[in-house]
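Written below as structure tokens is the structure these notes are about.
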Amino acid sequence: MTQPLLDARALTKRYPVGGGKRGAMLHAVDAVDLTIAPGECVGLVGESGCGKSTLVRLLARLIDPTSGNIFLDGADTTAVSQARFVTMPDRARIQVVFQDPSESLNPSFRVFDSIADPLKRLLGVRDRDKLAAQVHRAAELVGLPRELIERYPHQLSGGQRARVGIARAIVVEPSLLILDEPTSALDVSVQAIILRLLADLQARLGMSYLFVSHDLNVVRLLCSRIVVMYLGRVVEVAPTEELFTAPRHPYTRALIASIPDPARRGEARPRLDGSPRSPIDPDPNTCRFYGRCPTGTDRCATAMPELLRFGEGHFAACHFA
Amino acid sequence: MTAQLTIEDFSLVFRTRHGTVRALEDVSLSVERGEIVGVVGESGSGKSVLAYAVMGLQDAAARVQGGRILFGGLDMLGAGEQALADVRGRELAMIFQSPRTALNPIRKVGAQIEDILREHANLPSRELRKHAIAALARVRIPDPERRYNAYPFELSGGMCQRVMIAMALACSPFLLIADEPTTGLDVTTQAVIMDLIRDMSRDQRMSTLLITHDLGLAGEYCDRIAVMHAGHMVEIAPVEELLSRPAHPYTRQLLAATPTPRSTVEGLVSIPGQLPDLRRDLPPCRFSARCERHVALCDEAPLPWTSLSATHLVRCRVPL
């Protein structure tokens with residue numbers, strides 16, 4: 001097997017909570033292992049509060065993990081702190097496209113400056129002609145018309161802003177592009193354009209993608225492998241088609257059954273009621289899904305299930321998978 | 001016909017500093033008893049404006065240009081404020097898009113449900129609490145006695161949405177208007193909430209107008225779907241028919257742009273162009289500039305409805 005581009009091992013992030021109460025910890029991300037191969041597109045799904053966004057920030061090195069390591073091409077990036085990592089050349093290799101392009105672009109920057117900014121900051125490009133050439137190339141790659149380059153974000157449509165967000169992420173030629181709900185703020189007709197653009201860019205530039213979305217129909221379109229998170233832990237990893245046709249974890253099954261599908265109108269499908277357990281100091285010996293899980297036995301309350309292999313690239317963390 | 005709601009040739013404009021926005025033009029739609037009708041369209045299509053107009057809630061800048069909205073026997077546009085206040089909350093209820101902003105943040109949810117019951121249900125005050133708890137239990141909120149005393153911030157988004165639904169359903173309304181009731185909720189919660197709305201419609205013969213941008217969601221839960229584009233209603237049909245044999249070019253493209261479990265990224269179609277500026281002079285068909293089937297006839301006013309069957313109507317000169 002070739003060396004993975006990104007290899008996260010036992011990645012953990014905890015936040016102290018409760019002010020006066022000493023020692024209470026919110027387990028946002030708990031011992032997550034994740035690998036992404038060069039050129040691979042991995043999907044990350046799970047409900048709000050499951051730790052997707054925290055994991056994204058950890059992998060992008062925007063925050064420091066409580067414990068665990070992230071290897072980029074075999075080199076441990078977590079050996080240096082997040083504050084030092086910002087100044088290192090590897091910083092440019094992982095880029096993020098944020099959720100809402102209207103809020104993640106600087107409103108007082110013209111499109112040109114928004115795209116040029118990462119070039120100046122991360123790669124230290126100072127030469128104006130070189131800067132212009134690279135900005136224009138990135139704009140062209142994302143299909144942004146030249147006349148829009150001098151505009152401000154408020155003069156652009158939602159789809160155009162999304163293109164700017166993608167252009168400024170790919171302009172530094174990253175190896176890994178993290179897409180955090182890149183189309184959730186867009187109408188379906190615009191979403192279709194952006195999804196096709198992302199598929200096209202990946203084919204042309206050979207980047208790896210980590211695609212975070214709550215819409216499984218969207219994740220399915222672009223990703224070859226999907227990671228399902230629940231309450232800070234990875235509960236299932238599987239090749240895309242296998243995840244949809246033969247899900248092993250009860251949470252994944254409920255998630256897939258919840259996708260609205262006119263073709264399955266009126267069919268009784270498993271529903272997931274209630275809310276997740278508290279992420280504050282969870283019992284390390286109880287499955288996080290216990291209490292909400294339709295199976296749920298005594299064993300689930302006394303032993304945390306490990307992520308076990310069930311086939312080529314298929315892993316699930318459930319005693320009854 | 002015993003339509004619970006009838007909207008006929010309804011037109012509404014907004015007068016703004018930047019010109020008159022023709023937000024709705026000649027919109028017609030009816031909802032029968034016990035029926036779930038979806039209004040589907042992209043942002044800016046006018047679907048929320050329509051929902052608010054049915055409730056009799058209009059922005060100060062809004063001007064009704066023509067048409068009628070009949071709720072049961074009541075003319076919603078001609079009725080006085082008192083008559084509207086009487087039906088709202090009791091016979092006509094609405095679920096708003098974001099439950100966190102629609103609920104009063106400094107009152108307990110139980111007290112907020114009691115407010116509605118006190119106003120509309122004609123119950124002795126000692127019974128209010130019992131009925132409020134029953135309303136919470138009906139939307140399957142676990143442990144309703146305890147949740148009765150919760151403030152909105154203590155509840156998750158899904159729970160807040162259920163409280164909103166409990167409030168809307170507290171007086172067993174005849175018509176429920178659900179404006180994007182599951183936006184911002186997880187798919188698992190969305191499924192539970194939508195099941196709940198569907199069951200209430202079936203069990204109590206409640207009519208529902210579901211406003212959504214999600215064709216997949218409308219396709220699973222609605223009996224009929226009305227598609228809106230730029231303030232026009234362009235097609236109305238029973239769900240299966242609309243999904244399998246769309247007649248309006250816009251409906252077909254909207255369907256092709258919506259990812260389903262069977263889509264491929266190459267198969268996704270984007271809709272060329274943008275919504276027209278509703279302040280300008282507009283052609284009879286507001287989709288004509290984006291339409292590949294456009295012919296000279298399309299520019300002749302007025303644009304008629306074409307009946308493909310008794311229940312399938314399309315507003316297009318050259319339907320598919």
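Just so you know, all these numbers are worked out from the coordinates, no wet-lab data involved. Keep in mind that this is a model prediction, so the values were computed, not measured. For neighbour counting, all protein chains shown are included, and Cβ atoms are generated from backbone atoms with ideal geometry for every residue, glycine included.
One table, with the values for the structure above:
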quantity: Region B:99-170: radius of gyration and largest Cα-Cα distance (Dmax), Å; calculated: 10.9, 32
quantity: Cubic angstrom per residue, convex hull over Cα atoms of the protein assembly as shown; calculated: 180
quantity: Contact order normalised by residue count of chain B, Cα under 8 Å, 6+ apart, percent; calculated: 21
quantity: Cα principal axis extents for region B:14-124, largest first, Å; calculated: 48, 33, 28
quantity: Order of A:Arg163, A:Arg292 - criterion: other Cβ atoms within 10 Å of each residue's Cβ, fewest first; calculated: A:Arg292, A:Arg163
quantity: Under-5 Å amide H pairs with B:His229, H placed in peptide plane, nonlocal only; calculated: B:Val234
quantity: Relative contact order of region B:99-170, defined on C-alpha pairs under 8 angstrom at six or more residues apart (%); calculated: 47
quantity: 10 °C / 1.306 mPa s Stokes-Einstein diffusion coefficient of chain B, Kirkwood radius on C-alpha pairs, µm²/s; calculated: 77
quantity: Net charge, B:Tyr52 excluded, C-beta distance under 11 Å - Lys, Arg +1, Asp, Glu -1; calculated: -1
quantity: Protection proxy ranking, peptides B:135-143, B:182-190, average beta carbon neighbours within 10 Å, highest first; calculated: B:182-190, B:135-143
quantity: Considering only the protein assembly as shown, percent of DSSP beta bridges that pair antiparallel, nearest 5; calculated: 60
quantity: Cα gyration tensor shape for chain A, rounded if a/c is under 1.5, else prolate or oblate; calculated: prolate
quantity: Whole-angstrom gap from region A:71-88 to region A:15-70, using each part's C-alpha centre; calculated: 16
quantity: Estimated dipole of the protein assembly as shown in Debye, rounded to 20 [Cβ of Lys and Arg +1, of Asp and Glu -1, Cα centre]; calculated: 1080
quantity: Shielding by partners, peptide B:264-276 (average Cβ within 10 angstrom, other chains); calculated: 5
quantity: Sum of -39500 (n - 2.57) over DSSP H runs of 4+, divided by residues of chain B (222 nm, nearest 500); calculated: -9000 deg cm²/dmol
quantity: Quarter of the Cα convex hull surface for region A:128-219, i.e. its orientation-mean projected area (nm²); calculated: 6.1
quantity: Fewest-first ranking of B:Asp179, A:Asp117, using other Cβ atoms within 10 Å as the exposure measure; calculated: A:Asp117, B:Asp179
quantity: Reference-scaled alpha-carbon Rg (2.2 N^0.38 Å with N residues) for region A:162-321; calculated: 1.18
quantity: Net charge over other residues, Cβ less than 14 angstrom from the Cβ of B:Glu241 (K, R count +1; D, E count -1); calculated: +1
quantity: Residues A:Asp76 and A:Gln155, FRET efficiency given R0 of 51 Å [Cβ-Cβ distance, rounded to 0.05]; calculated: 0.70
quantity: Cβ-based exposure ranking for A:Ile63, B:Ile236, B:Ile106, in which fewest neighbours within 10 Å come first; calculated: B:Ile106, A:Ile63, B:Ile236
quantity: Chain A: angle of helix A:158-170 to the longest principal axis, Cα-based, in degrees nearest 10; calculated: 90
quantity: Neighbour net charge for A:Tyr152 - beta-carbon separation under 13 angstrom, K R +1, D E -1; calculated: +1
quantity: Alpha-carbon centroids, region A:152-179 and region B:73-132: separation in whole Å; calculated: 45
quantity: Sum of -39500 (n - 2.57) over DSSP H runs of 4+, divided by residues of chain A (222 nm, nearest 500); calculated: -9000 deg cm²/dmol
quantity: Antiparallel DSSP beta bridges within chain B, as percent of all bridges there, nearest 5; calculated: 60
quantity: Length gained when the stretch A:Ser48-A:Leu62 is fully extended (0.36 nm per residue, less Cα-Cα span); calculated: 3.1 nm
quantity: Distance from region B:166-196 to region B:215-238 (C-alpha centre basis), Å; calculated: 18
quantity: Segments A:305-316, B:192-203 sorted - mean Cβ within 10 Å per residue, highest first; calculated: B:192-203, A:305-316
quantity: Rotationally averaged projected area of region A:260-316 (alpha carbon convex hull; nm²); calculated: 6.1
